[in-house]
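The values are calculated or read from the model by the stated rules, or taken from the named source; none is laboratory data. Keep in mind that what you see is a predicted model, and the values were worked out from it rather than measured. FYI the Cβ positions are ideal-geometry reconstructions off the backbone, even for glycines, and counts take in every protein chain you see. The area values use the complete protein model at the heavy-atom level, side chains included, leaving out ligands, DNA and RNA. Shrake-Rupley method; radii C 1.70, N 1.55, O 1.52, S 1.80 Å.
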Amino acid sequence: MGKTSFNQFGDFQTPDSLAQKVVNIIISNHPYINPEIIIEPTCGKGSFIRAAIQGYPQAKVLGFDMNRAYVNQARASLLQLDCKGCALIETRDFFEIDWHQLLQSYSGPILVLGNPPWVTSSELGYFNSNNFPFKSNFQNRRGLEAITGSANFDISEWMLLQYVDWLSQKEGGIAVLCKYSVARKVIKQVRQKYTAENFFGNIYSINTRFYFGISVSACLLIITTKKANTDCKIYPDLDAKQPSHVIGERDGLIVKDVNKYDRWKHLLGKENNYIWRSGVKHDCSKVMELEACKNGFKNGFGDVFDLEWTYLYPLLKSSDIGNSRIKNYRKVILITQSILGQNTESIKQIAPKTWEYIMSYHHFFQKRKSSIYRKQPKYSIFGIGDYTFGNWKIAISGLYKKLNFCLIPPMDNKPVIFDDTVNFLSFYDKAEAQFIFKLITSDPALEFLESLIFWDNKRPITINLLKQLSLKAVAKEIGLLNEYQFWNNSIAPRQLELL
């Protein structure tokens, strides 16, 4: 397959050594899986087919793949093993097979084995591919999450949930290679949709650089119908005999470390007044983000303009926050609105040079693809509100692999603005910001958050994660509840005063 096809179909062929190791792990660590039928829905060149035949010689083995060349290679490899007829291998598309009818033909335990495609729905859309399932809101995403990209999903995630559905009607197991993030999502979906006690999970980390020549956090996910507790043991590698930690569902959350979470779960709670926000989204960085220079401000195209200071604000990006570069700023950002949906025409009278500048780049704003800008005033931005203009902020990068909270003061008499990969709390009072910063950076708060965070995620620190922490509970834990109550009770009057 060419490079485009490789990307489009998420084609990572499994080495025979890895396929054999997976089958050996199932046999030695999960002997209660005794399949009558083994199915490899995306068999490729047949590494798992060969491993299954050798590991379970009494089982019926079925393999399918939409790539005819791969199917021919898989069939040919069986001849070399001198086991013609040991497996049925056919050229068929996963999304066109009537799996319900096929599975009805077999009554005994099943084992679903293999390596489903490592590709997302958005990547398939990029390649204009039709190789994806019927689109439905199977993750139960809210509308805003779908619009802003949260509804993007791995095709393997959808396929694995189909495997689980098969297994819900039968005995047996699933053993597949997938991204670690996909494994966790599948576990969460299983807990929500099925009787959790009917499924048991194990995750074995794999070295993708060694086996596939890529750097991706991936694993062997084994789900069985063996009844056990609902936690999932995490093994550091395929040879490990003892888990490094245990993930599981607690209070509706999938947590990374159940032992640490159980210790600090009393810190779980909702904050009504201290609300985490994301920075500004504009999707036009070369126009909106500028650097101060001798004759004015230079944009991302290298063009210099003399602009009013009115709509310009100090900017700290995710890399600045992640690396604690917070004593000064390198860039400024053009903020065209103070509230969402505000008419931007007033810029013309208040700052004519700024208006002329953004007008000269009108076509770049027109190219923005996100639907959030549709039916909005010209040059609109997203993630804007009164919280944007609080003088003091507590910020953390959503992308960096560490809990590095930063206390950010105003700079050049203006509040600092962040990009949309930064999460922050906003304050108008320095003493209040300092107090809340003390709570958030306390050991109990950090350990609680650590128990929730999966560092292999592309954006490990999210607003949804941060809002699980009750600052009131933290204040009570470290003996500062009275001070918390003082600041919490004074928020409403101060907000009215500001209005």
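Restricting attention to the range 65-87, does a residue exist that is assigned to a helix (DSSP H, G or I), closer than 20 Å to TRP166 by Cβ and aromatic (Phe, Trp, Tyr)?
Going residue by residue through the range 65-87, those that are assigned to a helix (DSSP H, G or I) are 68-80.
This time we only want the ones that are closer than 20 Å to TRP166 by Cβ, so: none.
No - not one qualifying residue is present in the range 65-87.
Got a sec? Which of GLU345, GLU356 is in a loop (DSSP other than H, G, I, E, B), more than 32 Å from the chain's Cα centre (by Cα) and surrounded by fewer than 21 Cβ atoms within 10 Å (Cβ to Cβ)?
Details: GLU356 fails: in a loop (DSSP other than H, G, I, E, B).
Exactly one of GLU345, GLU356 is in a loop (DSSP other than H, G, I, E, B), more than 32 Å from the chain's Cα centre (by Cα) and surrounded by fewer than 21 Cβ atoms within 10 Å (Cβ to Cβ), namely GLU345.
Which condition number in (1) within 27 Å of the chain's Cα centre (by Cα); (2) outside any strand (DSSP E or B) is the one that LEU307 fails?
(1)
Name the single residue that is nearest to VAL246 (Cα to Cα) among those in the range 443-484 being in contact (Cβ under 8 Å) with a residue 40 or more places away in the chain and β-branched (Val, Ile, Thr). Write out each step before concluding.
Here is the first cut: in the range 443-484, the residues in contact (Cβ under 8 Å) with a residue 40 or more places away in the chain are 444-463, 466-474, 477, 480, 483-484.
Then keep just the ones that are β-branched (Val, Ile, Thr); that gives 453, 461-463, 474.
Values: ILE453: 13, ILE461: 20, THR462: 21, ILE463: 24, VAL474: 25 Å.
Looking at the filtered set, the residue picked out is ILE453.
Any residue at all in the range 412-422 that's of a type outside the set (Ser, Thr, Tyr) and over 25 Å from LYS298 (Cα atoms)?
Our first condition is that a residue be of a type outside the set (Ser, Thr, Tyr); within the range 412-422, this holds for 412-420, 422.
Okay, now just the ones that are also over 25 Å from LYS298 (Cα atoms), so none.
Within the range 412-422 (the criterion being of a type outside the set (Ser, Thr, Tyr) and over 25 Å from LYS298 (Cα atoms)), the answer is no, since none of the residues qualifies.
In the range 315-328, what residues are of a type outside the set (Asp, Glu) and either under 29 Å from the mean Cα position of the chain (by Cα) or assigned to a helix (DSSP H, G or I) (or both)?
Quick first cut of the range 315-328, residues of a type outside the set (Asp, Glu) only: 315-319, 321-328.
LEU315, LEU316, LYS317, SER318, SER319, ILE321, GLY322, ASN323, SER324, ARG325, ILE326, listed by residue number.
In the list GLN169, GLN162, which residue meets the criterion of being surrounded by 15 or more Cβ atoms within 10 Å (Cβ to Cβ) and either part of a helix (DSSP H, G or I) or modelled with pLDDT under 85 (or both)?
Working: GLN169 fails: surrounded by 15 or more Cβ atoms within 10 Å (Cβ to Cβ).
Answer to the check: GLN162.
Step by step: first the residues of the range 38-88, then only those that are closer than 21 Å to ILE26 by Cβ, in contact with a helix residue (DSSP H, G or I) (Cβ under 8 Å, 6 or more places away or on another chain) and among the charged types (D, E, K, R), then the one that is least open to solvent (accessible area, probe 1.4 Å). Which residue is that?
The extreme case among them is GLU40.
Counting only residues that are under 15 Å from ASN29 (Cα atoms) and open to solvent by less than 40 Å² (accessible area, probe 1.4 Å), which one in the range 229-254 is farthest from the chain's Cα centre (by Cα)?
The extreme case among them is ALA240.
Does ALA431 satisfy the condition of being at pLDDT 95 or above, under 30 Å from GLU447 (Cα atoms) and surrounded by fewer than 16 Cβ atoms within 10 Å (Cβ to Cβ)? Step through it out loud before you land on a result.
Values: at pLDDT 95 or above: yes; under 30 Å from GLU447 (Cα atoms): yes; surrounded by fewer than 16 Cβ atoms within 10 Å (Cβ to Cβ): yes.
Considered against the rule, which asks whether it is at pLDDT 95 or above, under 30 Å from GLU447 (Cα atoms) and surrounded by fewer than 16 Cβ atoms within 10 Å (Cβ to Cβ), ALA431 comes out as yes.
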